[in-house]
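Inspection log for the structure reproduced underneath, given as structure tokens.
The values are calculated or read from the model by the stated rules, or taken from the named source; none is laboratory data. Quick caveat, the model's predicted, so the values are computed rather than measured. Please note: Cβ atoms are built from the backbone with ideal geometry, for glycine as well, and neighbour counts cover all protein chains shown.
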Amino acid sequence: MDDTDWKIIKTLYTNKNVTQTAEKFFISQPSLTKKVKKIEKEFHIKIYERKSRGIVFTREGEYLAQKAREIDLKLNRIKENTATMNEHMKGKLNIGVSNHFAKYHLPSILRNFKTVYPEVEFKIQSGLGKEISQLINTENIHIGFIRGDYDWAGSKYLLFKDPMCLFSSSEIKLSTLSSQPRIDYQTGMVIHSLIETWWNDHYDTPPTVGMMVDSMEACKEMVIKGLGYGILPASMLEGHKNINRVDLFDKHKKPIDTNTWMYYSETLLDTKIVSKFVEFVKKYESESKGAVK
């Protein structure tokens, strides 16, 4: 088997469609079928069977598809390593990042990194923490910047803590908060759980939700316009002097913080471009914390 054969098996397993796979490799369907028959003969197995709903991989075929994926990842890693072995580091970094981090933190990191390594390219995928967690667990990205703790067998580095705060355009007493209009927003389970837990620890009645918006950013703008209060990470309204801020504490009087992590795999540190970026981010965030102090 050559590289193309492994890629065909991987793509077939992903698409579960012979026609689509043939089109992707710019060959005819009979030619693709012939290649598959050749692979089956080489390994003395049946890779898939045709059913009414499409093709179904056999147990042996699934095993071969898994190995095809592993081989493809290793080949890509070798190519990345060889591309970055010269003095002028080049290559592409695939980064997954939560929406909040993408807006408020990532641009300055990338700008400073590119001043040192101007020929490095970036592919950025943003979304909710759960979505980025899935991307890094399936090795579709090199590095993930995620708020909150998710299942991950690799390494992670704590970048910073962001306090959860209550923001409003005018002063609000916490004792009357349950009757005040709250602006809720769509978010991941980490933030949602923190807000719900804090509320249930302090109030016996549900909040008065005056408005539901689709993002933190929209919530922030509604708060600024005086349409209600919002519970948001402190960094969202940092520097807004005319906005009232109340830091939130749990029932044990501890601050309610959201943790933002850099997720990465130790095995990918063999790739120069990945190791340099991880090292750079750790140093950058450490210096940023020192500057704040």
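Values for this structure:
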{"item": "Which numbered condition ILE136 misses (of (1) modelled with pLDDT of 90 or more; (2) out of contact with any helix residue (DSSP H, G or I) (no Cβ under 9 Å at 6 or more places or on another chain); (3) surrounded by fewer than 17 Cβ atoms within 10 Å (Cβ to Cβ))", "result": "(3)"}
{"item": "Sole residue being touching a strand residue (DSSP E or B) at 6+ places or on another chain (Cβ under 9 Å), over 30 Å from PHE280 (Cβ atoms) and modelled with pLDDT under 95, chosen from ASP162, ASP184, ASP214", "result": "ASP214"}
{"item": "Looking only at segment 162-198, and only at residues there that are among the small types (Gly, Ala, Ser) and surrounded by 13 or more Cβ atoms within 10 Å (Cβ to Cβ), the one that is nearest to the chain's Cα centre (by Cα)", "result": "GLY188"}
{"item": "Residue identified as outside the structural domain of SER133 (by TED's automatic domain parsing), over 24 Å from the mean Cα position of the chain (by Cα) and in contact (Cβ under 8 Å) with a residue 60 or more places away in the chain among ALA22, ALA68", "result": "ALA68"}
{"item": "Where a residue in segment 225-251 is at pLDDT 90 or above and its partner, wherever it lies, is aromatic (Phe, Trp, Tyr) and part of a helix (DSSP H, G or I), with Cβ under 6 Å and at least six apart", "result": "LEU248/TRP198"}
{"item": "Where TYR63 falls short, out of the listed (1) in contact (Cβ under 8 Å) with a residue 12 or more places away in the chain; (2) surrounded by 13 or more Cβ atoms within 10 Å (Cβ to Cβ)", "result": "(1)"}
